[in-house]
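Asker: Before I ask anything, here is the structure I am working with.
The values are calculated or read from the model by the stated rules, or taken from the named source; none is laboratory data. This is a predicted model, so every value here is computed, not measured. No Cβ is skipped: glycine too gets one built from the backbone with ideal geometry, and neighbour counts run over all protein chains shown.
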Amino acid sequence: MPFDKRAKIEFLVVIGLALVLATMAYFRFWHKKRIPAPDRPAAASAQMKPAAAQTAFQRQSDARDYGRPTDMARPSIERDLFRPLKLPPAAAGRPEQNKPAEPKPAPVPDFKLGGTIVSGKEPIAIINDRFLRTGDTIAAFKVVRIEKDKVQLASGTQHIELKMISIE
C-alpha cells in the first residue's frame, strides 16, 4: 500500500511540473508582449500619450516608407475615438464652414399642468406629476404665480402660462 501512495504523489508532482513547463513555454514563445520600440525608452512613450491626443489627422502614404529601415518599429498613436479629428487648415478654408452658426432659441419643454391646489397657506401646482410651490423650479423655469386655473413660469426672458383644460 505505501508504494501505491508514493506512486500517486510522484504522478501528481510530474503533472504539476508539466503544467509549470507548459505555462513557461506559452509566455516565452507564443504570448505577445508589449515592448517599447528599441530606439525609445519606455518613459518616452508614456510622455507621448497626451501629445498623441492632440495630433492632427495625417494620411500616411507608402512613399514615405521606402527609405525607412524595415527592422525599425513604427510609432503607435493612440486617439480618443469620441473626439472629432482636427482637420488640416486647407479643409477649414471652405466658405460653408466659415459662417458663424446662428444661435437657436432653446426649445420650450413640454409641461403638463395636472392641477392646482389654491386653498391653504401656499398654493401648489401639479406640473408633470410634480408638486411645486411658488419659487420652485422645473427644467430651468421658476414658478412665478399659481392661480385657480393657471400657472405662470419664467426663465430669463421666456414666460410661459399653463392653463387648465376645462372639460365641458
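Asker: So, in the stretch 84-130, of the ones that are polar (S, T, N, Q) and outside any loop (DSSP other than H, G, I, E, B), which residue ends up modelled with the highest pLDDT?
Answerer: So in the stretch 84-130, the residues polar (S, T, N, Q) come out as 97-98, 116, 119, 128.
If we keep only those that are outside any loop (DSSP other than H, G, I, E, B) as well, we get 97-98, 116.
Values: Gln97: 54, Asn98: 55, Thr116: 91.
It comes out as Thr116.
Asker: Considering each residue of the stretch 137-153, count those that are within 35 Å of the chain's Cα centre (by Cα), surrounded by 15 or more Cβ atoms within 10 Å (Cβ to Cβ) and without any contact (Cβ under 8 Å) to a residue 24 or more places away in the chain, and give that number.
Answerer: The qualifying residues number 2.
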